[in-house]
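Notes for the one structure printed next.
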Amino acid sequence: MPSADTTRIPDLERELRELISKISRGCESALGKLYDRMISQVYGLALKILRSKPEADEVTIDVFKQIWDKASGYAPDRGTPSAWLITLTRSRAIDKLRSDTKRRSIQDALHDDIPSNI
């Protein structure tokens, strides 16, 4: 007999799929429900990758904005809704890391180019 946790997973995925479908049609309340349902997973992953609460906050906002903008691009045949959300989060967090690394390296290079006698 399957445990209660494994029987809930298909229900969760079905609920997320329905919410994403509604979001793709412009339903703001569906975005709020999706946010409530998935915020801990999205924020938790962003925080784990970035190790900064402000940056994790920023990525989390970006992910839910991207969901709002591109919900119609979700393809159920390519993966579960939760996998799509996790992939979006991971991608945004890695983009943030790369952007911050590039910005720091440019700042360091500029700082090194400034004569010390100025």
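The values are calculated or read from the model by the stated rules, or taken from the named source; none is laboratory data. On a predicted model such as this, the values are computed, not experimentally measured, just so you know. For the accessible areas, the whole protein counts, side chains as well, though only heavy atoms, and no ligand, DNA or RNA atoms are used. Shrake-Rupley method; radii C 1.70, N 1.55, O 1.52, S 1.80 Å.
Give the long-range amide H neighbours of Gly79: residues separated by 5 or more places, or on another chain, with amide H under 5 Å away, using H modelled in the peptide plane at 1.01 Å from N.
Here nothing satisfies the definition.
Straight-line reach from Lys22: which lysines have Cα under 16 Å away, leaving out those fewer than 8 places along the same chain?
Straight-distance partners of Lys22: Lys33, Lys65, Lys70.
If you stretched the chain out fully between Asp11 and Arg25, how much longer would it get, using 0.36 nm times the residue separation minus the C-alpha to C-alpha distance? Numbers along the way, then the final one.
Numbers: separation 14, 0.36 × 14 = 5.04 nm, distance 2.15 nm.
This chain segment gains 2.9 nm when fully extended.
Express in nm, to one decimal, how much length is gained between Ser99 and Lys65 on full extension, taking 0.36 nm for each residue of separation and deducting their alpha carbon distance.
Details: separation 34, 0.36 × 34 = 12.24 nm, distance 1.88 nm.
Full extension from Ser99 to Lys65 adds 10.4 nm.
Per residue, how much accessible area does segment 1-78 have with a 1.4 Å probe, in Å²?
Value returned for segment 1-78: 68 Å² of accessible area per residue.
Which whole-Hz ³J(HN,Hα) couplings does segment 17-31 yield from phi under the Karplus relation 6.51 cos²θ - 1.76 cosθ + 1.60, θ = phi - 60°, glycine and proline marked x?
4, 5, 5, 4, 4, 5, 4, 4, 9, x, 7, 5, 5, 5, 5
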